[in-house]
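> One structure is given below, represented as structure tokens, and several questions about it will come after.
The values are calculated or read from the model by the stated rules, or taken from the named source; none is laboratory data. None of the values given here were measured: they were computed from a predicted structure. Cβ atoms come from the backbone with ideal geometry, glycine included; neighbour counts cover every protein chain shown. Note: accessible area is taken over every heavy atom of the protein model, side chains too, but ligands, DNA and RNA are not part of it. Shrake-Rupley method; radii C 1.70, N 1.55, O 1.52, S 1.80 Å.
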Amino acid sequence: MVAPLKVGVAGLGNVGAAVVRLIRDPNSPLAARCGRPVEVAAVCARDKGRDRGFPAAGLRWFDDPVALARDPGIDVFVELIGGEGDPAKAAVETALAAGKSVVTANKALLARHGVALAALAEKNGVALNFEAAVAGAIPVVKALREGLAGNTFARVYGILNGTCNYILTRMELEKLSFADCLKDAQRLGYAEADPTFDVEGFDTAQKLAILASLAFGTKVEADAVYVEGISSITPADLEAADELGYRVKLLGVAVRTAQGIEQRVHPTMVPKDSAIAQVMGVTNAVTLDVEGFPPVTLVGPGAGGAATASAVVADIGDVARGHRLAPFGRATGQLTVAGKAPMQRHEGGYYIRLLAVDRPGTAATIATRLAEQQISLESIVQRHRGMPPAGGQDARAAGAPVPVILITYATTEDAVRRALEAVKADKVISGEPQLIRIEKNR
């Protein structure tokens with residue numbers, strides 16, 4: 001009889017507890033599919049007395065994850081602690097150095113130290129699996145590393161943060177403000193007490209850096225990703241997008257260019273009839289633009305205990321089968337440096353919302369500054385603030401700034417930024433311009 005694979009789990013939050021329950025489920029098909037039993041032999045958690053939905057009998061408990069990582073009684077170390085530094089980093093390094101395979105859901109750790117950890121895994125002939133680090137239950141890591149291993153990718157992009165997608169969905173459908181939707185997301189547990197990491201795009205950037213490495217053979221460099229969040233999006237932007245036939249999503253986009261791999265996270269207008277536009281709520285989606293056939297879009301739950309645990313257990317199953325690949329799809333020595341490639345000409349153009357000062361010459365000044373940067377306009381829409389007040393006086397009579405929406409043809413990021421800086425210097429607008437890229441169907 002084949003000896004069981006003995007697993008040590010560090011971190012027993014929602015995901016860790018779900019992993020233990022899934023492995024210990026007597027009706028689980030895991031052993032039959034892997035050809036050997038899989039057992040949770042030991043765990044590490046701060047609070048031993050907390051009820052996590054499974055009996056503690058038969059489990060060895062550790063207070064120190066590093067001690068668990070070096071324990072000779074486990075074959076696989078599962079890191080679900082989180083964070084880019086210690087103790088997660090020290091524990092993973094200890095396990096790999098001890099010749100134990102590692103399964104992790106820690107995107108922050110991989111985004112900062114992934115290449116070094118992959119090299120350590122290769123040196124010691126063990127696996128470093130991380131399907132759960134990106135897009136939860138969606139098997140996008142396996143698709144990039146295995147299912148499409150023989151294909152060349154032109155672009156990888158997607159909705160990689162359920163919190164942001166939930167907020168944008170509620171804002172659009174219920175005409176709510178960003179602040180109101182964020183409060184509700186926090187109440188429901190979709191957003192943290194400090195939501196900055198999610199709503200300002202940093203969580204998406206870490207996941208995108210991992211996907212870009214898998215797709216393009218580059219070293220994981222989260223600092224090479226251009227990042228914008230969704231906190232500046234207003235109901236007016238969503239209303240305008242709807243009228244133009246678009247929907248706003250926070251996308252992570254990695255694309256191959258002549259200057260390198262361009263990686264960016266930002267709010268984007270996508271056509272309503274595109275697959276990515278149909279993804280609502282906390283759901284995630286990843287689209288792979290593969291040379292030779294139409295794009296492949298994978299959609300599913302991107303977070304939550306059950307979804308993430310499913311991906312973790314699938315990675316454990318690969319170890320049980322003896323299935324081991326280079327963590328990032330190729331040897332670390334073959335990974336190239338991505339660098340921060342310049343933002344290229346954006347074929348879909350840009351949506352620009354300005355609060356224009358209501359005085360003669362304002363429109364001409366704005367048009368001149370755009371023309372100076374060779375930016376052509378597809379359309380200009382002036383939107384008035386509300387209805388005229390009692391007595392029929394136009395709202396503009398008080399001199400209030402007037403919302404103006406500009407839609408450009410294809411141009412470059414630098415050109416748009418230079419034009420808007422010049423417009424601001426001319427003092428013909430109030431506040432900061434709103435800028436959203438438009439993605440056309442390909």
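> For helix 305-321, report the angle its Cα long axis makes with the longest principal axis of the Cα atoms of the chain; keep it between 0 and 90° and round to the nearest 10°.
50
> Tilt of helix 14-24 relative to the longest C-alpha principal axis of the chain, in degrees (0 to 90, nearest 10)?
40
> With bins 10 Å wide starting at 0, give me the P(r) of region 11-141 over every alpha carbon pair, in whole percents.
All Cα pairs, binned at 10 Å, distribute as 12, 43, 37, 7 percent.
> Size of region 188-238 along its principal axes in angstrom, Cα-based, largest extent first?
Answer, in whole Å and largest first: 39, 26, 16 Å.
> Now for a separate question. What net charge do the residues around Gly201 carry, taking every other residue with its C-beta under 10 Å from that of Gly201, with Lys and Arg at +1 and Asp and Glu at -1?
That works out to -3.
> Can I ask one more? Given a 1.4 Å probe, how much area per residue of the chain is accessible, in Å²?
43
> Now for a separate question. Add +1 for every Lys or Arg and -1 for every Asp or Glu among the other residues with Cβ under 11 Å from the Cβ of Gly305, and state the total.
Net local charge, Gly305 excluded: +2.
> Hey, what's the Kirkwood Rh for region 8-71 if you take every pair of different alpha carbons, in angstrom?
Roughly 12.4 Å, rounded to one decimal.
> In terms of modelled amide H atoms, which long-range or inter-chain residues lie less than 5 Å from the amide H of Val40?
Amide H neighbours of Val40, under 5 Å, 5+ apart: Val7.
> Now, a different point. Would you please report the Å³ per residue occupied by the convex hull of the alpha carbon atoms in region 46-118?
94
> Could you point to the residue in Ala95, Val255, Asn165 farthest towards the positive end of the chain's charge dipole, with +1 and -1 charges on the Cβ of Lys/Arg and Asp/Glu respectively?
It is Ala95.
> What is the P(r) of region 156-289, as percent of Cα-Cα pairs per 5 Å bin from 0?
2, 11, 21, 23, 19, 13, 7, 3, 0, 0
> Here is a follow-up. So if we plug the beta-carbon distance of Gln278 and Asp223 into 1/(1 + (r/R0)^6) with R0 = 41 Å, what FRET efficiency do we get, rounded to 0.05?
Efficiency, from the Cβ-Cβ distance: 0.80.
> To the nearest 20 debye, what is the magnitude of the charge dipole of the chain about its Cα centre, counting +1 on the Cβ of each Lys and Arg and -1 on the Cβ of each Asp and Glu?
With only Lys, Arg, Asp and Glu charged at Cβ, the dipole is about 580 debye.
> OK, next. Please name whichever of Pro139, Ala224, Gln382 sits farthest to the positive end of the charge dipole of the chain, dipole taken about the Cα centre and charges placed at Cβ: Lys and Arg +1, Asp and Glu -1.
Pro139
> May I ask you to derive the FRET efficiency for Ser231 and Ala57 from their Cβ-Cβ distance with R0 = 51 Å, giving the value to the nearest 0.05?
0.60
> Over the Cα atoms of the chain, what radius of gyration and what Dmax do you get, in Å?
Cα radius of gyration and Dmax of the chain are 24.7, 90 Å respectively.
> Using amide H atoms built in the peptide plane, which far-off residues or other-chain residues are under 5 Å from Asp358 H to H?
Val402
> Continuing with this model, one more query. Is there a quick way to get the dipole size of region 267-373? I mean about its Cα centre, with the Cβ of Lys and Arg at +1 and of Asp and Glu at -1; what is the value in debye to the nearest 20?
The dipole magnitude comes to about 240 debye.
> Once the piece of chain linking Glu378 and Asn27 is laid out straight, how much longer is it, given 0.36 nm per residue of separation minus the C-alpha distance between them?
120.4 nm
> Compute the projected area of the convex hull of the Cα atoms of region 222-261, averaged over all viewing directions, and report it in nm² to one decimal place.
4.1
> Further question on the same structure: Only four residue types carry charge here, +1 at the Cβ of Lys and Arg and -1 at the Cβ of Asp and Glu. Report the dipole size of region 1-137 about the Cα centre in Debye, rounded to the nearest 20.
Using Cβ point charges on Lys, Arg, Asp and Glu, region 1-137 gives about 200 debye.
> Continuing with the same structure: Using Stokes-Einstein with the Kirkwood hydrodynamic radius over Cα pairs, what translational diffusion coefficient do you get for region 218-289 at 4 °C and a viscosity of 1.567 mPa s, in µm²/s rounded to a whole number?
94
> In whole percent, what relative contact order does the chain give with Cα contacts below 8 Å and a gap of six or more residues?
16
> Within the accessible area of region 161-238, what % is carbon and sulfur when the probe is 1.4 Å and the other protein chains stay in place?
52
> Helix-only mean residue ellipticity at 222 nm, the chain, DSSP H runs n ≥ 4 weighted -39,500 (n - 2.57), per residue, nearest 500. What is it?
The helix-only estimate for the chain comes to -9500 deg cm²/dmol at 222 nm.
> Check the straight Cα-Cα distances from Lys207 and name the lysines below 22 Å, setting aside those fewer than 8 residues away within the same chain.
Lys89, Lys107, Lys142, Lys219, Lys249, Lys340
> For Glu174 and Ala3, what does the FRET efficiency come to when R0 = 41 Å and r is the distance between their Cβ atoms, rounded to the nearest 0.05?
0.15
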